[in-house]
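Peer 1: Let me give you the structure first, and then I'll get to my questions.
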């Protein structure tokens, strides 16, 4: 965590039953065991838009705002929901919180997605949101920045595309690209990517590292009024798919194919720089290649991995530590 230990007495978490939120809630309760908690999530039939009086009465000194309508690439079909749930509900929530409340806002690295820069995007680079989801996140970011000195003590995290599941909790989203690819291939189904050249880039980060980053940023007052890219690695989509297929085929002695759909193209491509949060002292625990092997391929293949793994780039044996735990 950060250098300055900070105590929070009344903690509000929105989106508490979601992919990230379910993990955040457990770690927050572990870290701040003596604090009061208010968790809001539609799954529990507690709707943010109906919670004004509850929130004002609770009077939180920390709010972690994760609740949102998700689905970046498909959000054009959900523009009305995005406007209501991600923009209006967020603005309402901000107005209901006490002044100087510590506020963490979960944004997205998708806001860089409209233009592939020559170098990975930093927090100072121009944003190019291409769909309502990213644009909605950026609207809230700008609102917080305009009201910085008179309102909340905010920190913004721009998350890369998540993958994996936390060891402490089984929640996982299968519509995220790494998880989706692994779900398909473990059913012995082929993978399909769009285009035949100039394949798109995406940044990736393990969900456990996202959760750790949130708590890390909240444990340091130097992060107030700052934006941080939260992620780990930039991968080109065809190389990611090929790594998964080649690894699985060698481990399982299969012959899964990678298909290319040239009738469609993916012009949504971006790389992200994560130096700012790393210079503050945050270190990831997860590597994408190792996570694919250690977490998404089950332990019963351990012996096959040790015997048959032989893809071009050598991976140290420690990459397989914990695969049968």
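Peer 1: Taking the stretch 210-239, which residues are more than 25 Å from residue 152 (Cβ to Cβ) and in contact with a strand residue (DSSP E or B) (Cβ under 8 Å, 6 or more places away or on another chain)?
Peer 2: 232, 233, 234, 235, 236, 237, 238
Peer 1: Which of the helices (runs of 4 or more DSSP H) found entirely inside the stretch 177-258 contain at least 1 residues meeting this: out of contact with any helix residue (DSSP H, G or I) (no Cβ under 9 Å at 6 or more places or on another chain) and within 17 Å of residue 276 (Cα to Cα)?
Peer 2: In the stretch 177-258, 207-218 are the helices (runs of 4 or more DSSP H) which contain 1 or more residues that are out of contact with any helix residue (DSSP H, G or I) (no Cβ under 9 Å at 6 or more places or on another chain) and within 17 Å of residue 276 (Cα to Cα).
Peer 1: A further question on this structure: Regarding the stretch 268-278, can at least one residue be identified that is surrounded by 20 or more Cβ atoms within 10 Å (Cβ to Cβ) and part of a helix (DSSP H, G or I)?
Peer 2: Scanning the stretch 268-278, I find at least one residue that is surrounded by 20 or more Cβ atoms within 10 Å (Cβ to Cβ) and part of a helix (DSSP H, G or I), so the answer is yes.
Peer 1: Go through 83, 92 for me and flag whichever is surrounded by fewer than 18 Cβ atoms within 10 Å (Cβ to Cβ), in a helix (DSSP H, G or I) and at pLDDT below 95.
Peer 2: None of the other options fit; the residue is 83.
Peer 1: May I pose another question? Does the stretch 210-220 contain at least one residue that is farther than 30 Å from residue 28 by Cα and either in the same structural domain as residue 102 (by TED's automatic domain parsing) or crowded, with 16+ Cβ neighbours inside 10 Å (or both)?
Peer 2: no
The values are calculated or read from the model by the stated rules, or taken from the named source; none is laboratory data. These figures come from a predicted structure and were not determined experimentally. All Cβ positions, even for glycine, are placed from backbone atoms using ideal geometry, and neighbour counts span all protein chains on display.
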